[in-house]
Amino acid sequence: MANHKCDVVVIGSGPGGYVAAIRASQLGLKTICVEKADLGGVCLNIGCIPTKALLKSAEYMHFLKHSSDFGFQIEKLNVDFPKVIERSRKVAGQMSKGVSSLFKKYKVEAIFGTASIINKNKVNVSSEDGNIIEEIEAKNIIIATGARPKVIQGIDVDRKNIMTSTEALFRQNPPKSMIIMGAGAIGVEFAYFYNAFGTEVTIVEYMPRILPIEDADISKELERHFRKYGINIKTNSKVISAKSTKKGVEVIIALDISNSMLAEDIKPNRLAKAKQEISKLIDNLSTDKIGIIIFAGKSFVQLPLTTDYSAAKLMLSTISTDLISTQGTAIGSAIETAIKSFSTDNTRSKVLILISDGENHEDDALEAARKATENNIVIYTIGMGTLEGAPIPIYQNGRISSFLKGNDGQIVITKLVPEVMQRIAAVGNGDFYTAQNMDLTAIIEKISKMEQIEFGTKQFTNYETRFQYFLAGTILLLLLELLITERKIKPFAFFSRFFGAERWKKF
């Protein structure tokens, strides 16, 4: 793990971050910029720049469709849609490389990973598996983390059929039809692009018009063109749910985070290796819901069931042995927590993947596994560690300072206990794997063959504007005020005795 000292650390390399970093360096400050993805941030890589490249292709497509209007006859038009996407990615890549060149020119150091602010002068940088790889001490910290698409409650984003703007940039073929939630700048851009390449597009906008925060005349003109192109527009409408019509199962991962999981008989250590494999598993899921439970002497839900795989990976990166102070390996408690965490919609589409070294379980894990099978939960177990075992390291300042010792003063050696994990898998109608032969691809294939549940359909609610009723009432009250004569008001002159207001003097 490397240590750095600087005057300024900038978290995020988007248009706000990289400009701030360059300017700080120009002013003579030693500057470091931390980025978790590609230099340039959202705007340059998955936002403004690649979408504009797509819009240029859409513009050419519109011209080619109507080329006869300009005197050109094109008998057969062949479209290489992946090439269109590839060009957009190349444009984004060139812009990102440009930021890298600017950093080199102005001596800004770039560090890649996820930044965590420890205190006002310290930032740690972690890798994808959650391990701290860099420590930065800085006099100043600039947060320029930008934004990401928000997942709305009731919208089960599977990133294939129900996607965010990010996934829409990478599709290798235009879908037959598409519903776009929101008619802001991003929504109308994708509507224009996909419509140009033959997709039947419907825009759903909660407000009375598309581009609701832009000038009304612009909105009106764009809507006229969109309707001319065949884009279906639903304003004053709200998507109340959007769920994939494809099927998927519910997968809960129960991860042991007791101190024995820090043993390094599996590199880099048991916990880090488990997190790496879970991350790969998440990458291979499509329409399945995933949840994470952590356990040691107790068990807790770290991530409720969700189809937001980005959130799952983010929560996974935060997992460490420090999250539960009660030591032990309460496998039974973890299984019981999982039983409660599964939904009750379908009783045959549930998978529990239990990851542990199997040591020192404090409760009746087999009885809990039997309860799980009664609820039609299939249990797969993965044993972390080796039969030879390894000592449990104790860390100080990110480095191993010693090893855990028992009451007799001897170093404790933690070993894999496969028998426990094998019996749990047998009772749970699943399979047992070790860290050396774990095959998550095989697990995914078995999951895909299970009976699966359908998560729902798309629905719309149309809203009617009724502001005119309030307006009519207001106008009526104004007319009544005009009809009230001075003669009728005079009997109320006595109010001036109490209020003494200037408005009553004329009475």
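The values are calculated or read from the model by the stated rules, or taken from the named source; none is laboratory data. On a predicted model such as this, the values are computed, not experimentally measured, just so you know. Virtual Cβ from ideal backbone geometry, glycine too; neighbours counted across all protein chains shown. All accessible areas refer to the heavy atoms of the entire protein, side chains included, with ligands and DNA or RNA removed. Shrake-Rupley method; radii C 1.70, N 1.55, O 1.52, S 1.80 Å.
What number of residues within segment 407-445 are modelled with pLDDT of 75 or more and either under 19 Å from residue 365 (Cα atoms) or not polar (S, T, N, Q) (or both)? Write out each step before concluding.
Looking only at segment 407-445, we keep the residues that are modelled with pLDDT of 75 or more, and these are 407-437, 443.
Narrowing the set further to residues that are either under 19 Å from residue 365 (Cα atoms) or not polar (S, T, N, Q) (or both) leaves 408-409, 411-413, 415-435, 443.
Residues flagged as modelled with pLDDT of 75 or more and either under 19 Å from residue 365 (Cα atoms) or not polar (S, T, N, Q) (or both) within segment 407-445 amount to 27.
Confirm whether residue 122 is farther than 27 Å from residue 285 by Cβ and open to solvent by 30 Å² or more (accessible area, probe 1.4 Å).
Values: farther than 27 Å from residue 285 by Cβ: yes; open to solvent by 30 Å² or more (accessible area, probe 1.4 Å): yes.
Taking the combined requirement at face value, the residue satisfies it.
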In the list 341, 402, 349, 333, which residue meets the criterion of being touching a Gly at 6+ places or on another chain (Cβ under 9 Å) and either under 28 Å from residue 128 (Cβ atoms) or open to solvent by 40 Å² or more (accessible area, probe 1.4 Å) (or both)?
-> 341
Filter segment 382-417 down to the residues that are farther than 24 Å from residue 124 by Cβ and β-branched (Val, Ile, Thr), then identify the one that is farthest from the chain's Cα centre (by Cα).
-> 411
Can you name every residue in segment 417-437 that is open to solvent by 30 Å² or more (accessible area, probe 1.4 Å) and part of a loop (DSSP other than H, G, I, E, B)?
-> 417, 429, 431, 436, 437
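Every residue, every condition in (1) outside any loop (DSSP other than H, G, I, E, B); (2) modelled with pLDDT under 95; (3) open to solvent by 30 Å² or more (accessible area, probe 1.4 Å); (4) closer than 25 Å to residue 78 by Cβ, yes or no:
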site	(1), (2), (3), (4)
138	yes, no, no, no
145	no, yes, yes, no
153	no, yes, yes, no
174	no, yes, yes, yes
193	yes, no, no, yes
198	no, yes, yes, yes
207	no, yes, yes, no
Would you check which residues across segment 260-284 are outside any helix (DSSP H, G or I) and either hydrophobic (A, V, I, L, M, F, W, C) or open to solvent by less than 10 Å² (accessible area, probe 1.4 Å) (or both) and list them?
-> 263, 266
Residue check: is residue 13 open to solvent by less than 60 Å² (accessible area, probe 1.4 Å) and part of a loop (DSSP other than H, G, I, E, B)?
-> yes
Please state which of the following conditions residue 240 fails to meet, knowing it meets all the rest: (1) touching a strand residue (DSSP E or B) at 6+ places or on another chain (Cβ under 6 Å); (2) open to solvent by 40 Å² or more (accessible area, probe 1.4 Å); (3) modelled with pLDDT of 90 or more.
-> (3)
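Quick one: which of 29, 44, 55 is at pLDDT below 95 and over 18 Å from residue 172 (Cβ atoms)? Walk me through how you get there before you give the answer.
Numbers: 29 fails: at pLDDT below 95; 55 fails: at pLDDT below 95.
Of the residues listed, the single one that is at pLDDT below 95 and over 18 Å from residue 172 (Cβ atoms) is 44.
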What's the number of the condition residue 23 fails, among (1) without any contact (Cβ under 8 Å) to a residue 24 or more places away in the chain; (2) crowded, with 23+ Cβ neighbours inside 10 Å; (3) not hydrophobic (A, V, I, L, M, F, W, C)?
-> (2)
Hey, among the residues in segment 386-399 that are in a loop (DSSP other than H, G, I, E, B) and open to solvent by less than 90 Å² (accessible area, probe 1.4 Å), which one's nearest to residue 421 (Cα to Cα)?
-> 386
Determine which single condition residue 110 fails, assuming it passes every other condition in (1) surrounded by fewer than 19 Cβ atoms within 10 Å (Cβ to Cβ); (2) in a loop (DSSP other than H, G, I, E, B).
-> (2)
Selected residue (criterion: least open to solvent (accessible area, probe 1.4 Å)) from residues of segment 302-330 that are out of contact with any helix residue (DSSP H, G or I) (no Cβ under 9 Å at 6 or more places or on another chain), in a loop (DSSP other than H, G, I, E, B) and of a type in the set (Gly, Ala, Ser) = 328
Among (1) open to solvent by 100 Å² or more (accessible area, probe 1.4 Å); (2) in contact with a strand residue (DSSP E or B) (Cβ under 6 Å, 6 or more places away or on another chain) - the single one residue 31 does not satisfy = (1)
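For segment 96-103, indicate whether the set of residues that are open to solvent by less than 80 Å² (accessible area, probe 1.4 Å) and within 25 Å of the chain's Cα centre (by Cα) is non-empty.
Pass one, segment 96-103, residues open to solvent by less than 80 Å² (accessible area, probe 1.4 Å): 96, 98-103.
With within 25 Å of the chain's Cα centre (by Cα) added as a condition, the list becomes 96.
Looking for residues that are open to solvent by less than 80 Å² (accessible area, probe 1.4 Å) and within 25 Å of the chain's Cα centre (by Cα), one finds at least one in segment 96-103, hence yes.
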Please indicate, with yes or no, whether at least one residue in segment 450-463 is at pLDDT 55 or above, surrounded by 15 or more Cβ atoms within 10 Å (Cβ to Cβ) and closer than 17 Å to residue 252 by Cα.
-> yes
